1. Do you know which residues across region 1-60 are under 14 Å from Ile71 (Cβ atoms), touching a helix residue (DSSP H, G or I) at 6+ places or on another chain (Cβ under 8 Å) and open to solvent by 50 Å² or more (accessible area, probe 1.4 Å)?
2. Might you check whether a residue that is touching a Lys or Arg at 6+ places or on another chain (Cβ under 7 Å) and assigned to a loop (DSSP other than H, G, I, E, B) occurs anywhere in region 13-27?
3. How many residues does region 28-50 contain that are in a helix (DSSP H, G or I) and not aliphatic (A, V, I, L, M)?
4. Would you pick out the residues in region 42-55 that are more than 12 Å from the chain's Cα centre (by Cα) and either at pLDDT below 85 or of a type outside the set (D, E, K, R) (or both)?
5. Residue pairs, Cβ under 7 Å, 6 or more apart or interchain, first in region 48-71 and more than 18 Å from Lys26 (Cβ to Cβ) and in contact (Cβ under 8 Å) with a residue 12 or more places away in the chain, second part of a helix (DSSP H, G or I) and among the aliphatic types (A, V, I, L, M). List them.
Amino acid sequence: MKILYFNVSELNKGWGAECFVDRGLKSLGHEVINIDYRKHRLNLVDKILSLKDWDIEAVIFQRADHFPIEII
């Protein structure tokens, strides 16, 4: 399954819960695209539109505080 995963993985590099979830999903054979929505807050739409393959089957939000609801 191809999963788009909004989290704060870049800011919590290596130690945040999202890092463990990402590794777990990948170990189960899923393809995971991570987008750190806090780091890319000002260019989040551009970051999403830059995805090369739109064949996404699931979207996961973790720590979605202040996530721009308009994007959903």
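1. Across region 1-60, the qualifying residue is only Val45.
2. no
3. So the count comes out to 4.
4. Residues satisfying the conditions are Leu42, Asn43, Val45, Leu49, Ser50, Lys52, Asp53, Trp54.
5. Taking only residues 6 or more apart or on different chains, the pairs are Pro68/Leu44; Ile71/Leu44; Ile71/Val45.
The values are calculated or read from the model by the stated rules, or taken from the named source; none is laboratory data. Since the structure is predicted, the reported quantities are computational estimates derived from the model, not experimental observations. Positions of Cβ are generated from backbone atoms using ideal geometry, with glycine treated the same way; all protein chains shown enter the neighbour counts. These area figures cover heavy atoms from the full protein model, side chains too; ligands, DNA and RNA do not enter into them. Shrake-Rupley method; radii C 1.70, N 1.55, O 1.52, S 1.80 Å.
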